[in-house]
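Some notes on the structure that comes next.
The values are calculated or read from the model by the stated rules, or taken from the named source; none is laboratory data. The model shown is predicted, which means the values in this text are computed figures rather than measured ones. Note that we place each Cβ from the backbone using ideal geometry, even for glycine, and neighbour counts take in every protein chain shown.
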Amino acid sequence: MPKKALPRIIAVSAGEHPNTLHIRWVSGDESLVDVSGLIETFRVYAPLRQSVELFRQVRVGEYGTDIIWSDELDMSADTLWRLAQEQSGIMMTDEAFHNWRERPEMPAKA
């Protein structure tokens, strides 16, 4: 079985649009990731909802395994990689998969 490499971030900056991040990965790939869903959903990100200036202070965490704004605010590289894949259309979102699975032509669940 091939060994799975964890996604690592080497650079991050706030994007031009609100709640977007420009991310450069160790692999050399670059992504523009919209994190507004996470910021609007989770209470821990309330400070980012209230301050555009704080959002712009984003930086890469230790070892590139996350991004951070402060000691209390971070997002994991795994989560950001998954969002990048979903938003680029490479991977199906959980909701899209559920909707696909519930189509009438699908066989009944066992």
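Yes or no, residue by residue, for (1) within 26 Å of Glu95 (Cα to Cα); (2) touching a Pro at 6+ places or on another chain (Cβ under 7 Å); (3) not basic (Lys, Arg):
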site	(1), (2), (3)
Ile10	no, no, yes
Ala14	no, no, yes
Leu21	yes, no, yes
Val33	yes, no, yes
Leu38	yes, no, yes
Pro47	no, no, yes
Asp71	no, no, yes
Asp78	yes, yes, yes
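Could you go through the stretch 54-62 and let me know if any residue there is among the small types (Gly, Ala, Ser), at pLDDT 95 or above and closer than 25 Å to Leu6 by Cβ. Yes, the stretch 54-62 contains at least one residue that is among the small types (Gly, Ala, Ser), at pLDDT 95 or above and closer than 25 Å to Leu6 by Cβ.
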